[in-house]
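Written out below as structure tokens is the structure these notes cover.
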Amino acid sequence: MSRTRGPGSSGRSRRYTVGARVYDVLSLEWPIYRAGRRAGLDLLRLRPGDRVLDVGCGTGLNFPLLSAAVGPSGSIVGVASSESMLARARTLIRRNRWANVTVAAR
Ligand SMILES: C[S@@+](CC[C@H](N)C(=O)[O-])C[C@H]1O[C@@H](n2cnc3c(N)ncnc32)[C@H](O)[C@@H]1O
């Protein structure tokens, strides 16, 4: 007999649940990580119309750059194990009215 765990039930997920509310601030996005995020995205050489899977998307900090790179004809799917992080990602998607960005728990 085997047992599988659903999204959000692991210890790791609980940690992200607690941190989701402050993640964007504590992640030091602008002073530190934004440049690396941009450099990593440049390596992907995305083009308008491309489809992107963002594994471990968290609160969606990659989405603004990805969305700009693939344009309205492209699409982005974010997956993460933490529902709390995904809730913030959904808010970001709604606020920006990105019709081509979706997220799912995994
Ligand atoms: C550090 S956070 C967000 C990272 C995000 N890519 C960023 O740049 O801000 C890591 C995310 O990965 C997700 N995650 C960690 N391990 C995972 C796994 N095994 N399967 C799916 N998602 C996972 C967590 O739920 C969380 O949303």
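Key figures for this structure:
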read-out	value
Nonlocal amide H pairs with Val52, under 5 Å, H built at 1.01 Å	Ser75, Ile76, Val77
Within the stretch 11-105: Cβ-based charge dipole about Cα centre, in debye rounded to nearest 20 (Lys, Arg +1; Asp, Glu -1)	160
Binned Cα-Cα distances of the stretch 11-105, short to long, each 5 Å bin given as a whole percent	3, 14, 24, 24, 21, 11, 3, 0
Order by protection proxy (mean Cβ within 10 Å, highest first), peptides 93-105, 62-74	62-74, 93-105
Theoretical gain in end-to-end length, Val55 to Arg95 [0.36 nm per residue, Cα-Cα removed]	12.3 nm
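Read-outs throughout are calculated quantities, based only on the coordinates presented, and are distinct from any laboratory measurement. Since the structure is predicted, the reported quantities are computational estimates derived from the model, not experimental observations. Note that each Cβ is placed from the backbone with ideal geometry, even for glycine, and that neighbours are counted across all protein chains shown.
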